[in-house]
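Trainee: I have a structure here, written as structure tokens, and I will follow up with some questions on it.
The values are calculated or read from the model by the stated rules, or taken from the named source; none is laboratory data. What you see is a predicted model; the values in this text were computed from it and never measured. All Cβ positions, even for glycine, are placed from backbone atoms using ideal geometry, and neighbour counts span all protein chains on display.
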Amino acid sequence: MRLDEIAIVGVGVTPQLKRSDRNSLQVALDAAKLALADAGLAHTDVDGIAARWPGPGGTVLAPGSADWSTLLGIPLGWIGDSYPQGIPALVDAAGAILTGQATTVLITGGQAGVLGGGRVAAYTQPGNEFVEPFGAFTAAHFALVAQRHLARYPHARQGMAEIAATIRTVGSANPDAVMAGRGPYTAQDVLDAPPVVDPFTLLDLCLASEGGAAVVVTTLERARDLPHPPVVLLGAGMEWMRQQYVDPARYEQVWDIGAVAARKAFAQAGIGPSDVDTAQLYDVNSLEVARQFEALGFCGPGEGTDFALATGIGLDGKLPTCTDGGLLAFSHIGWGAPTLKLAEAVRQLRGQCGDRQVAGAEVAIAAGAGSGAQYYNLALLGRAR
Amino acid sequence: MGVDAALTGPAAGLTDAFWAAAGRRELVRPVCRDCGRSFFTPQIACPGCLSENWAYEPSTGRGRVYSATVVHKPPSPGFVVPFRLGIVDLDEGWSMLAELVGGPDGRLPAIDAPVRVTWTERDGRVLPAFTEDGVTS
């Protein structure tokens, strides 16, 4: 078997909300049921799972994906506990299928019932003794990277605002987005929003919301018998610089994180950036979108915001980016958020996106994390031929 | 979801000496006795040569700002905003996150601005912070 004989056959995205009255385990199960129904499969068809265990009710010694065997009432041939989900889970699942450990893998996760009001989300406050006392929440780590970039390329601030306004406006038009109907936005709206941590205002930064997301992965051979056009894995790459959110990210080291992973993924796929029709980048903030254009080889160093503006990243642009509204306006569900990127990429490649459909989309990028997190991963997905 | 403190807390005895020194308003950092490297955050072995033969040594507390920002939204109760947060590269070749305090007009120090250690207190704990020298040479 080859990499491109691994197919995503089901996607499930629960309602995405600012605050849910369900818990993380419930939304993960909701998403799993939606993805299996979408795939035309029963839960008894699953023999591998990458879902960690959002609890409650996990095994005392080591809660993890194995706990799902009890909840789903099925034996499993393979489990994976990747952190985060999204691309690392997809690569794990592909490995499990390619080595014969499983035939049909469920990836599901999300968060619900965990966000409080008024302060930054708990999962954005690293508990480390050399981080927490200084108030360095996750957006601050990204901000310390951004400040060095803007010292070198001050004009990028305006481009960041344009990027955030574009993606948030796209999200505003998506009725399923957490921020549906809140736009449209201008770059000036972004610049004028309340500051959170310089250079970022509230509108430069992603949401913290609640919901679940899941995908089902199997072989292309099986996928041919299922309801939707199969979407296959063309290539993938991952990088981990160091432990996230402890030692602060250094601009010179992390600005191009993803470049090595992208070269690997494009080489596996036998294509280049110009072949990509839609980019589901990991938009934790406005500058990260520009950074990924640079790191992934769409443009040169320092050209990310200019590239975004010249190319057009809205639905009417040449490279529609974060077409569901992204983490900025659709939803960010913690460790499950990267799976939302896979879900939107698959829906675009199937042609299911309605008003936000990218015409004729054949190749999509889905990505996870970024410079301040000090790890990055991406997958190239394509319509099966 | 519970977090296993045995996995996420510091190794026993690893950082006690750092905080004890901070309590005396002395800044220290791990120095490898085999390869001479200064490193931070403290680890059970030197990230350069993996030797466990390292010890805390005093720092001059002088360095330069690598990056700096202003935090406007309190990360948790107890933080008064706005406050300034930076990454400081110490002269001995190590770096750390810390609050930036004082300085000329309370401004945000520029990248590469020289700073020296000073001390603040939060929740009864003495924390290192850095301030611009305010002297141009």
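Trainee: Within segment A:329-369, which residues are of a type in the set (Gly, Ala, Ser) and touching a Lys or Arg at 6+ places or on another chain (Cβ under 7 Å)?
Mentor: A:329, A:366, A:367, A:368
Trainee: Answer yes or no: is there a residue in segment A:205-220 that is touching a Lys or Arg at 6+ places or on another chain (Cβ under 8 Å) and within 14 Å of another protein chain (Cβ to nearest Cβ).
Mentor: no
Trainee: Suppose the filter is within 18 Å of the chain's Cα centre (by Cα), in the same structural domain as residue B:9 (by TED's automatic domain parsing) and aromatic (Phe, Trp, Tyr); does residue B:83 pass it?
Mentor: The answer is no for residue B:83.
Trainee: Given (1) modelled with pLDDT under 95; (2) touching a Ser or Thr at 6+ places or on another chain (Cβ under 7 Å), identify the lone condition not met by residue A:92.
Mentor: (1)
A quick yes/no check of all residues on (1) modelled with pLDDT of 95 or more; (2) in contact with a Ser or Thr (Cβ under 7 Å, 6 or more places away or on another chain):
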site	(1), (2)
A:186	yes, no
A:193	yes, yes
A:201	yes, no
A:224	yes, no
A:236	yes, no
A:241	no, no
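Trainee: Another question about this same structure. Since residue A:354 meets every condition but one in (1) surrounded by fewer than 19 Cβ atoms within 10 Å (Cβ to Cβ); (2) in contact (Cβ under 8 Å) with a residue 12 or more places away in the chain, which condition does it not meet?
Mentor: Of the numbered conditions (1) surrounded by fewer than 19 Cβ atoms within 10 Å (Cβ to Cβ); (2) in contact (Cβ under 8 Å) with a residue 12 or more places away in the chain, the odd one out for residue A:354 is (2).
Trainee: Report the residue count in segment B:42-69 for those that are under 30 Å from residue B:110 (Cα atoms) and touching a helix residue (DSSP H, G or I) at 6+ places or on another chain (Cβ under 9 Å).
Mentor: 7
Trainee: Give the residue, chosen from A:233, A:226, that is touching a helix residue (DSSP H, G or I) at 6+ places or on another chain (Cβ under 7 Å), buried (at least 23 other Cβ atoms within 10 Å of the Cβ) and more than 10 Å from chain B (Cβ to nearest Cβ).
Mentor: The match here is A:233.
Trainee: In segment A:129-143, what residues are more than 8 Å from chain B (Cβ to nearest Cβ) and touching a Phe, Trp or Tyr at 6+ places or on another chain (Cβ under 7 Å)?
Mentor: A:138, A:139, A:141 - these are the residues of segment A:129-143 that are more than 8 Å from chain B (Cβ to nearest Cβ) and touching a Phe, Trp or Tyr at 6+ places or on another chain (Cβ under 7 Å).
Trainee: Would it be correct to say that residue B:25 is surrounded by fewer than 18 Cβ atoms within 10 Å (Cβ to Cβ) and out of contact with any Asp or Glu (no Cβ under 9 Å at 6 or more places or on another chain)?
Mentor: The answer is yes for residue B:25.
Trainee: Could you grab me the full set of residues in segment B:39-55 that are more than 10 Å from chain A (Cβ to nearest Cβ) and not polar (S, T, N, Q)?
Mentor: B:44, B:45, B:46, B:48, B:49, B:50, B:52, B:54, B:55
Trainee: Among A:70, A:59, A:44, which is among the polar types (S, T, N, Q), without any contact (Cβ under 8 Å) to a residue 40 or more places away in the chain, assigned to a loop (DSSP other than H, G, I, E, B) and surrounded by fewer than 21 Cβ atoms within 10 Å (Cβ to Cβ)?
Mentor: When all the criteria are applied, what remains is A:59.
Trainee: Here is a follow-up. Can you tell me which residue among A:311, A:339 is of a type in the set (S, T, N, Q), under 12 Å from the mean Cα position of the chain (by Cα) and either buried (at least 24 other Cβ atoms within 10 Å of the Cβ) or more than 24 Å from residue A:106 (Cβ to Cβ) (or both)?
Mentor: Going through A:311, A:339 in turn, the sole match is A:339.
Trainee: Does residue B:80 satisfy being under 26 Å from residue A:252 (Cβ atoms) and more than 9 Å from chain A (Cβ to nearest Cβ)?
Mentor: No, not satisfied.
Quick grid of which residues meet (1) at the interface with chain A (Cβ under 10 Å from one of its Cβ atoms); (2) touching a strand residue (DSSP E or B) at 6+ places or on another chain (Cβ under 6 Å); (3) within 25 Å of residue A:254 (Cα to Cα):
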residue: B:23; (1), (2), (3): no, yes, no
residue: B:37; (1), (2), (3): no, no, yes
residue: B:57; (1), (2), (3): no, yes, no
residue: B:72; (1), (2), (3): yes, yes, yes
residue: B:75; (1), (2), (3): yes, no, yes
residue: B:99; (1), (2), (3): yes, yes, yes
residue: B:114; (1), (2), (3): no, yes, yes
residue: B:121; (1), (2), (3): no, no, no
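Trainee: If I filter segment B:41-69 down to residues being surrounded by 19 or more Cβ atoms within 10 Å (Cβ to Cβ) and over 14 Å from the mean Cα position of the chain (by Cα), which single residue comes out as farthest from residue A:202 (Cα to Cα)?
Mentor: Applying the filter and picking the extreme gives B:54.
Trainee: Could you please tell me which pairs satisfy a Cβ distance under 6 Å, a separation of 6+ or placement on different chains, a first residue in segment B:58-85 that is among the aromatic types (Phe, Trp, Tyr), and a second residue that is not in a strand (DSSP E or B)?
Mentor: B:79/A:135
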